[in-house]
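What follows is one structure encoded as structure tokens, with my remarks underneath.
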Amino acid sequence: MSPAAPAAVRDRLRIAIQKSGRLSEPARALLASCGLAWRESRDRLFCYGESLPIDLLLVRDDDIPGLIADGICDLGIVGRNVLRERALAGEGATAPREWRALGFGGCRLALAVPQEESWSDASQLAGRRIATSYPGTLAAWLRERAIDADVVTLSGAVEIAPRLGKADAICDLVSSGATLAANQLKPVVTLLESEAVLAGPAAPFGDVRSELAALLLRRLDGMLKVKDSKLLLCQVTRGMLDELLQLLPDAEAPTVTSIDGGDRIALQALCRGALTWQRLEDLKRAGAQALMVLPVERMLA
Ligand code: ATP
Ligand code: ZN
């Protein structure tokens, strides 16, 4: 092992995100919603943080774990599938960690076989060839089950490998399953449920970057928390309150204020579940009046 390079002290935080692809826009939008704004450079590879000392580096998603491991970037937004592959394909000790799941870019890494093949369980993969761009994750999965199969590593067009006679099965990312179906394949086992994650180093930064990262995490957590939440406002008589709250199991710390010191009270609750018309009608039947559902923009606990 080479001796560790002295940690560079830096006073700005650098976040790697995908330059162009499925995660680019949602990653940028999420960071912008945390109050970050950047000046674009002409080559659009580096964006200088103007509102906070937090810069962006726009790269290929596959490079993100390595950039963090090498200390070139401090954090990154990348699919869990890419992060896990890097950790399993060696370098486990220096591999970046998942700091937060971000709730977009959802997909799964799945094994798929030709549609006409009958499937009972994974042991039938023994001695077969499986094409994948995730050799580390697949090999680890096979090893855990003591299945001896041939892992054929391909960098792209994995789904056509069976038709070309290069493999008997594949292990690839699936979201709707339409690509598999178009290639006469069917998913049979899920190896990994994936989504975009915030990745960071296992060890603390040890300089001002720690505070910047903590600030970003606080804002991110606030954004992730309000993502599917709505604020419910309504009025109800005191005697009906318990019944009403039973209809709101997803309401967080409801606030109750009495109106003019009388029997009527105003209720304010942050609800996680969808406040559909049906639910509002149920609440109304339980005695709620002046029901209002408001979007939540920010939250700081
Ligand atoms: P790059 O040029 O950055 O290497 P890419 O082609 O590897 O791009 P994309 O296809 O944009 O990457 O996918 C980026 C990430 O989006 C994937 O690693 C995965 O986490 C997520 N993703 C979500 N749904 C899918 C899907 N149906 N197929 C592939 N990736 C998906
Ligand atoms: Zn990629």
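The values are calculated or read from the model by the stated rules, or taken from the named source; none is laboratory data. None of the values given here were measured: they were computed from a predicted structure. Here the Cβ is made from the backbone with ideal geometry for all residues, glycine too, and neighbour counts use every protein chain on show. The area values use the complete protein model at the heavy-atom level, side chains included, leaving out ligands, DNA and RNA. Shrake-Rupley method; radii C 1.70, N 1.55, O 1.52, S 1.80 Å.
So how exposed is Val82, as accessible area in Å² (1.4 Å probe, rounded to 10)?
Rounded to the nearest 10, that gives 20 Å².
Picking from Leu244, Leu56, Leu270, which is most flexible by a Gaussian network model of the chain using Cα springs under 10 Å?
Between Leu244, Leu56, Leu270, it is Leu244 that shows the largest mean-square fluctuation.
At q = 0.07, 0.09, 0.13 Å⁻¹, work out log10 I(q)/I(0) for the chain with the Debye formula, treating every Cα as an identical point scatterer and leaving solvent out; two decimals please.
The computed values of log10 I(q)/I(0) come out as -0.41, -0.64, -0.99.
Where the centroid of each part is defined by its Cα atoms, how far is the range 238-290 from the range 80-140 in Å?
45
Lysines near Lys166 by alpha-carbon distance under 21 Å, same-chain residues fewer than 8 away left out - which ones?
In chain and number order, the partners are Lys186.
Among Ser51, Thr276, Ser229, which residue has its Cα positioned farthest towards the positive end of the charge dipole of the chain, with +1 placed on the Cβ of Lys and Arg, -1 on the Cβ of Asp and Glu, and the dipole taken about the Cα centre?
The Cα lying farthest towards the positive end belongs to Ser51.
Amide H neighbours of Phe46 under 5 Å, at least 5 residues apart or on other chains, H built in the peptide plane: list them.
The answer is Ser41, Leu58.
Remind me, what semi-axes does the range 230-295 give for its equivalent ellipsoid, largest first in whole Å, using sqrt of 5 times each Cα gyration tensor eigenvalue?
18, 12, 10
Just the accessible area for Met240, please: 1.4 Å probe, Å², rounded to the nearest 10?
About 60 Å², ignoring ligands and nucleic acids.
Please work out whether the range 107-193 counts as rounded, prolate or oblate from its C-alpha gyration tensor, where a ≥ b ≥ c are the square roots of the eigenvalues and a/c under 1.5 means rounded, while otherwise a/b larger than b/c means prolate and anything else oblate?
Working: a/c = 1.30, a/b = 1.25, b/c = 1.04.
Rounded is the answer for the range 107-193, as its axis ratio a/c remains below 1.5.
To make sure I understand the rule: partners must be aspartates and glutamates, Cα under 18 Å from the Cα of Lys227, and not fewer than 8 residues away in the same chain. Which ones qualify?
Those aspartates and glutamates meeting the cut-off are Glu25, Glu195, Asp250, Glu252, Glu297.
So, with a 1.4 angstrom probe, what is the percent of accessible area on the chain that is carbon and sulfur? It would help to have the intermediate numbers written out before the result.
Numbers: 8470 of 15970 Å².
Carbon-and-sulfur percentage of accessible area, whole number: 53.
Apply the Karplus parameterisation 6.51 cos²θ - 1.76 cosθ + 1.60, with θ equal to phi minus 60°, to every residue of the range 33-41 and state each ³J(HN,Hα) to the nearest whole Hz, in sequence, with x for glycine and proline.
Karplus-based 3J(HN,Hα) across the range 33-41 equals 5, 8, x, 8, 9, 10, 9, 7, 8 Hz.
Could you give the angle, 0 to 90 degrees to the nearest 10, between helix 208-226's Cα long axis and the longest principal axis of the Cα atoms of the chain?
Tilt of helix 208-226: around 60 degrees.
Spelling out what I want: for every residue of the range 169-183, take phi, set θ = phi - 60°, compute 6.51 cos²θ - 1.76 cosθ + 1.60 (Karplus), and round to whole Hz; glycine and proline get x.
8, 10, 10, 8, 6, 10, 10, 8, x, 5, 5, 4, 4, 5, 9
If the cut-off is 27 Å between C-alpha atoms, which lysines fall inside it for Lys230, apart from same-chain ones fewer than 8 positions away?
Lys230 reaches Lys284.
Just the accessible area for Asp242, please: 1.4 Å probe, Å², rounded to the nearest 10?
110
By average Cβ neighbour count within 10 Å, what is the ranking of 203-209, 17-23 from highest down?
Details: 203-209: 13.7, 17-23: 18.6.
Descending packing order for the listed peptides: 17-23, 203-209.
Could you work out the local net charge near Gly127, counting Lys and Arg as +1, Asp and Glu as -1, over the other residues with Cβ closer than 11 Å to its Cβ?
Details: positive: Arg128, Arg129; negative: Asp148, Asp150, Asp168.
Every neighbour counted, the sum reads -1.
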